[in-house]
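To start, the structure under review is shown below, and the notes come after it.
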Amino acid sequence: MTPWLVPVVLVVIAAAAAAGWFLHRPERRAGAVTWVANSGYLRSLTSYRRRMRVLRGGLALGAAALALTSLATASLTARPVDRDVRSEVLATRDIVLCLDASGSMIELDTEIVQKFSEMVESFEGERIALSVWNNTSRTVFPLTDDYALVKEELDAAATALDFDLDAWVYDQEALENLENFLVGTVSLDNESSSLVGDGLATCALAFDASDTERSRTIILATDNLVLGTPIYTLPEAASFAAERDITVHGMYASLTDADSARAKAEMQEVITGHGGLFLEADDPAAVAGIIEDIEAQQAVDLDADPQLVVTDRPDRWYGWLVAGLAAFLLVVWRVRT
């Protein structure tokens with residue numbers, strides 16, 4: 001809060017140290033010195049050299065500890081703080097991460113989940129949910145602002161999805177981990193796969209508190225390659241989300257496929273047609289683009305006035321103060337003994 005106090009306190013400490021040195025320096029009296037003949041060999045003794053090394057090293061370490069203690073004291077006097085620009089209104093945002101977990105997406109899902117994790121690091125106060133789907137959907141975790149849980153679940157998802165389906169030999173533990181993660185996303189009574197519209201519609205139903213004024217966003221990651229007949233087509237699901245005042249952003253990801261160009265074009269048209277962002281998952285700017293759009297657009301929509309929040313952080317220097325003081329006292333004791 002008051003950075004100018006740091007040099008002021010350091011100068012005061014240095015001045016006090018200098019004053020103490022000169023004011024309490026003992027006077028040298030000729031009678032106080034006793035000369036001993038033939039004692040020059042003492043300086044060559046191993047024990048003498050060892051004690052001098054301990055003395056010089058101790059004095060240097062003591063000076064460093066004293067300097068650290070002085071710096072920590074000055075910093076604490078200046079009151080270290082964190083300054084964050086926040087808006088309580090923006091904390092009313094709900095975001096559902098909607099992930100296609102079909103076979104054609106497994107090789108791409110790990111990177112996408114990691115991008116989801118990058119997004120979470122920039123949030124504060126928002127509620128996050130993760131839904132994965134193939135021909136049926138599973139909620140990995142519902143809307144929550146427990147970011148420790150969110151990070152833990154996203155890391156677990158990234159690990160489980162990091163699996164090579166084309167490998168000649170499968171790691172049994174990794175395969176079981178993947179199967180456990182995908183439980184609930186596949187119905188065994190049909191041959192359909194990657195029902196994008198149904199997955200998006202399910203994600204649209206993941207929002208609660210419908211009677212409160214909240215901003216609602218879905219981040220849909222898929223290759224939009226559908227096998228089978230869904231209940232909702234992608235355009236129908238997008239319209240369903242729009243009716244519920246939900247903004248859908250698209251992260252398109254696909255391996256080479258004969259039908260990928262058509263699927264990409266359809267997804268882009270549907271997403272942008274409802275006011276969402278359409279980005280490719282391997283685009284380095286994808287995460288930043290979605291974050292900036294969510295924050296900028298919703299700040300306007302919610303009439304959010306950012307506020308400067310100041311949080312005292314003495315913990316950043318208190319530990320150094322204690323460590324420096326403890327080291328100084330230990331060194332002084334060792335040198336004196």
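The values are calculated or read from the model by the stated rules, or taken from the named source; none is laboratory data. This one's a predicted model, so the numbers in the text were calculated from it and none came from an experiment. Note that each Cβ is placed from the backbone with ideal geometry, even for glycine, and that neighbours are counted across all protein chains shown. Quick note on the areas: whole protein, heavy atoms, side chains included, nothing else; ligands and nucleic acids left out. Shrake-Rupley method; radii C 1.70, N 1.55, O 1.52, S 1.80 Å.
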For the range 119-144, enumerate the residues that are exposed (fewer than 15 other Cβ atoms within 10 Å of the Cβ) and either touching a Cys at 6+ places or on another chain (Cβ under 7 Å) or at pLDDT below 85 (or both). 121, 122, 124, 125
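I want to confirm something. Restricting to the range 110-130 and keeping residues that are in contact (Cβ under 8 Å) with a residue 60 or more places away in the chain and of a type in the set (Asp, Glu), which single residue is nearest to residue 150 (Cα to Cα)? Spell out how you get there, then give the answer.
Taking the range 110-130 as the starting set, the residues that turn out to be in contact (Cβ under 8 Å) with a residue 60 or more places away in the chain are 111-112, 115-116, 118-119, 122, 129.
Filter again for of a type in the set (Asp, Glu), leaving 111, 118.
Values: 111: 16, 118: 11 Å.
So, considering only residues that are in contact (Cβ under 8 Å) with a residue 60 or more places away in the chain and of a type in the set (Asp, Glu), the one nearest to residue 150 (Cα to Cα) is 118.
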Any residue at all in the range 63-85 that is within 30 Å of residue 220 (Cα to Cα) and modelled with pLDDT under 85? yes
Quick test of your reading of the structure: residue 80 fulfils all but one of (1) farther than 30 Å from residue 329 by Cα; (2) under 28 Å from the mean Cα position of the chain (by Cα); (3) open to solvent by 10 Å² or more (accessible area, probe 1.4 Å). Name the failing condition by number. (1)
Residues of the range 117-146 satisfying the condition of being in contact with a helix residue (DSSP H, G or I) (Cβ under 6 Å, 6 or more places away or on another chain) and part of a helix (DSSP H, G or I): 117, 118, 119, 120
Does residue 330 fit the bill of being crowded, with 18+ Cβ neighbours inside 10 Å and either modelled with pLDDT of 65 or more or under 18 Å from residue 204 (Cα atoms) (or both)? no
Mind checking whether some residue in the range 164-179 is open to solvent by 20 Å² or more (accessible area, probe 1.4 Å), closer than 27 Å to residue 244 by Cα and modelled with pLDDT under 85? no
Residue under question is residue 116, and the condition is that it be at pLDDT 75 or above and aromatic (Phe, Trp, Tyr); does it hold? yes
Long-range neighbours under 8 Å by Cβ, at least six apart or interchain, first residue within 18 Å of residue 140 (Cα to Cα) within the range 155-180, second surrounded by fewer than 13 Cβ atoms within 10 Å (Cβ to Cβ) and at pLDDT 75 or above: 160/180
